[in-house]
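Right, one structure below, let's go through it.
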Amino acid sequence: MDSLTHAPIHFAHANGFPSASYQLLLQQLGERHPIYQIPLLGHDPKYPVGNNWSQLTHQLIHSIESQTQQPVIGIGHSLGGALTLLAALQRPELFRAVILLDVPTFNRFESLLIQTAKLTGLINRLSPAHKTKTRRIEWASMAEARDYFRSRALFSGFHPQCLEDYLACALAENEQGSVDLTYQLAVELAVYRTLPHGMVLKPGMLAVPAGVLVGRQSDTVRKHQYLRMKDYLGFTSLRMPGSHMFPLEHPLATAANIGTLLQRMAGSR
């Protein structure tokens, strides 16, 4: 059987959601693949958040090199997918393939728009940064935090176990007995404000097979971006129910669709 269907996977998480939030998805993938992951992006002072995420890309490369000597299937959600793509462009020998979970690539106009927005400060309006700035970061108890997140639109569709896993890894009790968000707000904001504007791919630029899985209700990957990856770049492509957060809304279906993508990618080699 082709190595893609059993090759090791390296997983990278979305901004604001540590990899331990994705335990259900990774457990399913782990039935066929050895799983490696980067627990937390952006919080290691050796790899600070900076323009175009260059140091975060190095952090992801280091994560792969420090865990395995085999080429991996790089899978990432949102931020993690973009970093996986950037790493594969720089170090293709580390990868057998990449799969992007709700990650757009840009045309030249979109690239120029993002670059201009970063220079003028408009990136705060074009990205989730304007919502993140006012995010609540402390609660009286874990029960209060659970009720809070359940009431938020972003979390409302989460699989119950994924929400519990998120609460367990992204919140911690402080000395006063209340609960704090441990994913630093400053890091999350910096990630949004330094979005890479250079993700303008042409056919043949990526030296490894690529797949993309997109949520049908996503507000992150536009239809033209999906079709560009599918038809122009030749990415093996699927859409599935769910928002931008579909890996945490439908983790079992996400794992199944990743398996389908890998089978298709293996068959086309």
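Whether any residue in the range 55-75 is in contact with a strand residue (DSSP E or B) (Cβ under 9 Å, 6 or more places away or on another chain), surrounded by fewer than 20 Cβ atoms within 10 Å (Cβ to Cβ), part of a loop (DSSP other than H, G, I, E, B) and not polar (S, T, N, Q) is what I want to check.
Checking the range 55-75: at least one residue is in contact with a strand residue (DSSP E or B) (Cβ under 9 Å, 6 or more places away or on another chain), surrounded by fewer than 20 Cβ atoms within 10 Å (Cβ to Cβ), part of a loop (DSSP other than H, G, I, E, B) and not polar (S, T, N, Q).
For residues in the range 125-149 being in a helix (DSSP H, G or I) and at pLDDT 85 or above, which is nearest to Glu249 (Cα to Cα)?
Phe149
Only residues that are hydroxyl-bearing (Ser, Thr, Tyr) and either within 15 Å of the chain's Cα centre (by Cα) or assigned to a strand (DSSP E or B) (or both): list them for the range 28-54, please.
Across the range 28-54, the qualifying residue is only Tyr36.
Do we find that Ala153 is free of Cβ contacts under 8 Å to residues at least 12 places away in the same chain and touching a strand residue (DSSP E or B) at 6+ places or on another chain (Cβ under 7 Å) in this structure?
Taking the combined requirement at face value, the residue does not satisfy it.
Within the range 198-221, can one find any residue that is assigned to a helix (DSSP H, G or I), surrounded by fewer than 17 Cβ atoms within 10 Å (Cβ to Cβ) and out of contact with any strand residue (DSSP E or B) (no Cβ under 8 Å at 6 or more places or on another chain)?
Checked against the condition, which is being assigned to a helix (DSSP H, G or I), surrounded by fewer than 17 Cβ atoms within 10 Å (Cβ to Cβ) and out of contact with any strand residue (DSSP E or B) (no Cβ under 8 Å at 6 or more places or on another chain), the range 198-221 yields no hits at all.
Name the residue that is nearest to Ile114 (Cα to Cα), counting only residues in the range 197-218 that are under 16 Å from the mean Cα position of the chain (by Cα) and at pLDDT 95 or above.
Ser218
Filter the range 11-65 down to residues that are aromatic (Phe, Trp, Tyr) and farther than 19 Å from Phe95 by Cα, then give me how many there are.
4
Among residues belonging to the range 164-180 that are free of Cβ contacts under 8 Å to residues at least 60 places away in the same chain and under 22 Å from Leu26 (Cβ atoms), point out the one that is surrounded by the fewest Cβ atoms within 10 Å (Cβ to Cβ).
Ala172
Looking only at the range 76-114, count how many residues are over 21 Å from Gly42 (Cα atoms), hydroxyl-bearing (Ser, Thr, Tyr) and in a helix (DSSP H, G or I).
Selection size over the range 76-114: 1.
Search the range 102-157 for residues being more than 27 Å from Met199 (Cβ to Cβ) and acidic (Asp, Glu), and hand back the single one that is surrounded by the fewest Cβ atoms within 10 Å (Cβ to Cβ).
Asp147
Restricting attention to the range 222-243, which residues are surrounded by fewer than 22 Cβ atoms within 10 Å (Cβ to Cβ), under 18 Å from the mean Cα position of the chain (by Cα) and assigned to a loop (DSSP other than H, G, I, E, B)?
Answer for the range 222-243, where residues must be surrounded by fewer than 22 Cβ atoms within 10 Å (Cβ to Cβ), under 18 Å from the mean Cα position of the chain (by Cα) and assigned to a loop (DSSP other than H, G, I, E, B): Arg222, Pro241, Gly242, Ser243.
Among the residues of the range 183-241, how many are β-branched (Val, Ile, Thr) and over 22 Å from Asn15 (Cβ atoms)?
Summing the residues that are β-branched (Val, Ile, Thr) and over 22 Å from Asn15 (Cβ atoms) in the range 183-241 gives 2.
The values are calculated or read from the model by the stated rules, or taken from the named source; none is laboratory data. Treat the numbers as computed from the prediction; the structure is a model and nothing was measured. Reconstructed Cβ throughout: ideal geometry from the backbone, glycine too, with neighbour counts over all protein chains shown.
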